[in-house]
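Visitor: Pasting in a structure now, in structure tokens, and then I'll have a few things to ask.
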Amino acid sequence: MSETVNTELPKFQKPVLQFNEAGFGPNFTNISETFKDMPYQPFSKSDRLGKICDWTATMNQDKKFQNKYASTFGTGSQYAYYHEEDESTFHLVDTTRIQKPPYQRGRFRGNQRGRNNRGGNSMVSLNKKKSNANRGNNKRWGNRNAPQKIRDASVTVRSDWSTIEEMDFPRIMKLSLPNIKEGEDIVTCGTLEYYDKIYDRVDVKNERPLQKVDRIVHTVTTTDDPVIRRLSKTVGNVFATDAILATIMCCSRSNYSWDIVIEKFGDKIFLDKRDNTEFDLLTVNETSVEPPTDDENSLNSPRNLAIEATFINHNFSQQVLKSGEKEPKYKFEEANPFVGEDDEGEVASVGYRYKKWDLGGGIILVARCEHDAVLQTPSGEQYLTIKALNEWDSKLANGVEWRQKLDTQRGAVLANELRNNTCKLAKWTVQAVLAGSDQLKFGYVSRTHIRDSSRHVILGLQQFKPHEFATQINLSMDNAWGILRCIIDLIRKQKDGKYLIMKDPNKPMIRLYDIPDNTFDSDDSEDSNDEGEAFQQVYSYSRKETSK
């Protein structure tokens with residue numbers, strides 16, 4: 001009898017799972033009211049909370065994020081709770097760096113002697129190299145340990161002057177007056193000579209000696225201008241010259257002290273320069289890291305350099321013209337208003353434009369602007385503003401030698417001049433924009449010898465359109481107009497009288513003073529002509545150098 005075989009497979013018994021409808025973790029459904037809404041804290045903070053089915057987590061550790069499952073509460077007290085506005089749980093972290101002992105430079109000096117011993121003078125030469133390197137670093141980055149140079153004010157502030165306003169440069173640089181249209185011509189005066197294009201081919205290899213051109217240059221202030229006196233009766237209520245306007249508009253770039261006298265008569269305001277002042281002298285390396293020293297006996301003192309630069313500028317602007325009785329000249333509607341019957345000598349080529357601008361708020365500005373020459377082009381005449389940059393000593397000026405770099409790296413030469421003479425170049429640009437010049441020409445004039453300030457040579461010329469050059473040097477005409485409008489608004493709020501605006505000699509700010517009406521009247525009683533004492537020195541300098 002055969003045995004019966006059971007062919008049925010055993011049945012799999014499914015395990016009984018407890019399902020927590022409240023989610024993963026303890027069941028809070030039947031929790032008592034005592035522990036309700038309390039924060040949950042694991043009993044063992046070493047337990048890591050991770051993925052439910054990550055069975056290989058303990059075998060394959062993530063080396064980059066080893067503590068990714070660690071408790072966010074750290075190892076602090078039980079049931080720690082953090083609230084955003086609770087300052088009692090604020091922890092201060094000490095981030096102070098550990099101070100290391102200073103490096104000892106003379107540590108390995110014993111090895112240097114054996115390695116660099118050549119004739120017994122190795123240490124002397126090494127010390128010289130170090131001193132030269134330190135001197136070069138001081139020139140480049142400025143000597144931080146050097147005491148601040150104290151400059152003198154352009155005018156002594158008297159005890160009876162009262163300060164109306166102090167304006168620092170950071171606040172001035174934020175001013176803006178946009179949408180000021182081009183000035184409108186009212187009167188044109190003077191005679192211009194044509195520019196000689198042969199000077200465009202001058203370079204370092206084909207240099208030209210600077211000639212002494214003995215011509216009369218008038219620098220008449222606002223209230224002494226007969227044309228402005230005539231126009232003030234019918235046109236405008238604010239009157240000035242382009243040099244005075246450029247000084248105010250570019251005040252935030254200046255380091256040296258200057259001052260301007262302001263007189264208010266009813267609704268009319270006149271901006272003037274003082275008599276016998278150095279207002280019209282050109283500064284040299286004013287914005288340099290190491291400006292010229294104040295030694296008056298030195299050839300390179302600030303004042304001697306200013307007289308030399310002004311002398312160069314006047315002669316250069318007249319030398320590059322086609323002068324002579326047979327050469328054609330460009331004449332404006334009226335003659336030069338400053339040429340009198342008693343004047344002896346030839347008058348410089350200059351054209352005056354008396355223009356007006358509407359600054360809004362009932363302010364109509366009238367100013368005298370200047371052109372230096374005219375250029376004949378196929379499309380007609382173009383008006384020029386001609387200025388001269390001068391090289392005196394590239395080593396002392398912390399610059400580049402023009403004779404080596406001017407022909408090949410003219411951009412580097414101009415960039416260095418922009419660093420050392422930011423204010424002067426900005427004022428020239430503003431004057432060219434105000435006058436409406438079509439071109440702004442810069443001449444590069446250098447001393448024949450470094451220690452001789454009487455002989456100079458022309459090494460090259462460069463030309464720009466005034467508005468384009470203003471953009472290149474980061475000069476905003478909106479900011480320039482805003483500075484002028486701010487000062488005019490301050491004066492309009494004051495009573496009739498005399499005021500003075502002055503650049504602080506040692507701080508980046510300008511101050512507006514209320515001064516007595518008879519201030520500076522004693523200067524008028526002296527025998528002084530329109531040019532002032534400073535320009536008399538330039539003329540005497542010119543005659544002295546011509547006689548050599």
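Visitor: Residue under question is residue 377, and the condition is that it be of a type in the set (Val, Ile, Thr), open to solvent by 20 Å² or more (accessible area, probe 1.4 Å), without any contact (Cβ under 8 Å) to a residue 12 or more places away in the chain and within 30 Å of residue 186 (Cα to Cα); does it hold? Walk me through it before giving the result.
Guide: On the way: of a type in the set (Val, Ile, Thr): yes; open to solvent by 20 Å² or more (accessible area, probe 1.4 Å): yes; without any contact (Cβ under 8 Å) to a residue 12 or more places away in the chain: yes; within 30 Å of residue 186 (Cα to Cα): yes.
It is true that residue 377 is of a type in the set (Val, Ile, Thr), open to solvent by 20 Å² or more (accessible area, probe 1.4 Å), without any contact (Cβ under 8 Å) to a residue 12 or more places away in the chain and within 30 Å of residue 186 (Cα to Cα).
Visitor: Right, here's the next one. Conditions first: (1) surrounded by fewer than 16 Cβ atoms within 10 Å (Cβ to Cβ); (2) within 20 Å of residue 486 (Cα to Cα); (3) touching a Gly at 6+ places or on another chain (Cβ under 9 Å). Residue 289 passes all but one, so which condition is the exception?
Guide: The one condition residue 289 does not meet is (2).
Visitor: Collect the residues in the stretch 454-495 that are among the β-branched types (Val, Ile, Thr) and in a helix (DSSP H, G or I), keeping them in residue-number order.
Guide: Just the residues of the stretch 454-495 that are among the β-branched types (Val, Ile, Thr), to begin with: 457-458, 471, 473, 483, 487-488, 491.
471, 483, 487, 488, 491 - these are the residues of the stretch 454-495 that are among the β-branched types (Val, Ile, Thr) and in a helix (DSSP H, G or I).
Visitor: Given the conditions (1) surrounded by 11 or more Cβ atoms within 10 Å (Cβ to Cβ); (2) closer than 30 Å to residue 396 by Cβ; (3) modelled with pLDDT of 50 or more, and given that residue 167 satisfies all but one, which numbered condition is not satisfied?
Guide: With respect to (1) surrounded by 11 or more Cβ atoms within 10 Å (Cβ to Cβ); (2) closer than 30 Å to residue 396 by Cβ; (3) modelled with pLDDT of 50 or more, residue 167 is out only on (2).
Visitor: I would also like to ask the following. Could you run through the stretch 395-415 and say how many residues are small (Gly, Ala, Ser) and touching an Asp or Glu at 6+ places or on another chain (Cβ under 9 Å)?
Guide: Number satisfying all stated conditions: 2.
Visitor: Here is a follow-up. Regarding the stretch 303-312, can at least one residue be identified that is within 17 Å of residue 424 (Cα to Cα) and either basic (Lys, Arg) or open to solvent by 40 Å² or more (accessible area, probe 1.4 Å) (or both)?
Guide: Scanning the stretch 303-312, I find at least one residue that is within 17 Å of residue 424 (Cα to Cα) and either basic (Lys, Arg) or open to solvent by 40 Å² or more (accessible area, probe 1.4 Å) (or both), so the answer is yes.
Visitor: Assuming residue 186 fulfils every condition listed in (1) open to solvent by 30 Å² or more (accessible area, probe 1.4 Å); (2) touching a Phe, Trp or Tyr at 6+ places or on another chain (Cβ under 6 Å); (3) part of a loop (DSSP other than H, G, I, E, B); (4) closer than 18 Å to residue 351 by Cα apart from one, which condition is it?
Guide: (3)
Visitor: Go through (1) surrounded by 19 or more Cβ atoms within 10 Å (Cβ to Cβ); (2) part of a helix (DSSP H, G or I); (3) among the polar types (S, T, N, Q) one by one and return the number of the condition residue 437 breaks.
Guide: Result: residue 437 passes all but (2).
Visitor: Let me ask you something else. Across the stretch 189-206, what is the number of residues that are assigned to a loop (DSSP other than H, G, I, E, B) and surrounded by 18 or more Cβ atoms within 10 Å (Cβ to Cβ)?
Guide: Of the residues in that region, 1 qualify.
Visitor: Can you find even one residue in the stretch 287-309 that is under 30 Å from residue 357 (Cα atoms) and within 32 Å of the chain's Cα centre (by Cα)? Write out each step before concluding.
Guide: Residues of the stretch 287-309 that are under 30 Å from residue 357 (Cα atoms), as a first pass: none.
Among the residues of the stretch 287-309, not one is under 30 Å from residue 357 (Cα atoms) and within 32 Å of the chain's Cα centre (by Cα), which makes the answer no.
Visitor: Which one of these is open to solvent by 50 Å² or more (accessible area, probe 1.4 Å) and out of contact with any Pro (no Cβ under 6 Å at 6 or more places or on another chain): 514, 496, 478?
Guide: Being open to solvent by 50 Å² or more (accessible area, probe 1.4 Å) and out of contact with any Pro (no Cβ under 6 Å at 6 or more places or on another chain) holds for just one of 514, 496, 478, which is 496.
Visitor: Okay, moving on. Filter the stretch 330-354 down to residues that are of a type in the set (D, E, K, R) and either touching a strand residue (DSSP E or B) at 6+ places or on another chain (Cβ under 7 Å) or modelled with pLDDT of 90 or more (or both) and give me whichever is least open to solvent (accessible area, probe 1.4 Å).
Guide: For the stretch 330-354, the residue satisfying everything is 353.
Visitor: Could I ask something else about it? Could you count how many residues in the stretch 237-257 are open to solvent by less than 20 Å² (accessible area, probe 1.4 Å) and not in a helix (DSSP H, G or I)?
Guide: 6
Visitor: If the Cβ limit is 8 Å and pairs must be 6+ apart or interchain, which residue in the stretch 201-227 that is closer than 13 Å to residue 338 by Cα pairs with which residue that is part of a strand (DSSP E or B) and open to solvent by 80 Å² or more (accessible area, probe 1.4 Å)?
Guide: Pairs that qualify, where the first residue is closer than 13 Å to residue 338 by Cα and the partner is part of a strand (DSSP E or B) and open to solvent by 80 Å² or more (accessible area, probe 1.4 Å), are 216/346.
Visitor: Examine the stretch 450-468 for a residue that is modelled with pLDDT under 95, more than 17 Å from the chain's Cα centre (by Cα) and basic (Lys, Arg), and state whether such a residue exists.
Guide: Yes - at least one qualifying residue is present in the stretch 450-468.
Visitor: Which condition from (1) open to solvent by 20 Å² or more (accessible area, probe 1.4 Å); (2) over 24 Å from residue 212 (Cα atoms); (3) part of a helix (DSSP H, G or I) is the one that residue 423 breaks?
Guide: (1)
Visitor: Look through the stretch 380-417, keep the residues that are more than 21 Å from the chain's Cα centre (by Cα) and part of a helix (DSSP H, G or I), and return whichever of them is surrounded by the most Cβ atoms within 10 Å (Cβ to Cβ).
Guide: So, considering only residues that are more than 21 Å from the chain's Cα centre (by Cα) and part of a helix (DSSP H, G or I), the one surrounded by the most Cβ atoms within 10 Å (Cβ to Cβ) is 402.
Visitor: Mind checking whether some residue in the stretch 504-526 is part of a helix (DSSP H, G or I), modelled with pLDDT under 95 and on the phi > 0 side of the Ramachandran plot?
Guide: no
Visitor: If you don't mind, another one. When both residues are 6+ apart or on different chains and their Cβ atoms are under 6 Å apart, which pairs have a first residue that lies in the stretch 258-280 and is assigned to a strand (DSSP E or B), and a second that is open to solvent by less than 50 Å² (accessible area, probe 1.4 Å) and among the small types (Gly, Ala, Ser)?
Guide: 259/154; 271/240
The values are calculated or read from the model by the stated rules, or taken from the named source; none is laboratory data. Remember, it's a predicted structure, so these values are computed and weren't measured experimentally. Cβ coordinates were reconstructed from backbone atoms using ideal geometry, including for glycine residues, and neighbour counts include every protein chain displayed. Please note that ligands, DNA and RNA were not included when accessible areas were found on the heavy atoms of the full protein model with its side chains. Shrake-Rupley method; radii C 1.70, N 1.55, O 1.52, S 1.80 Å.
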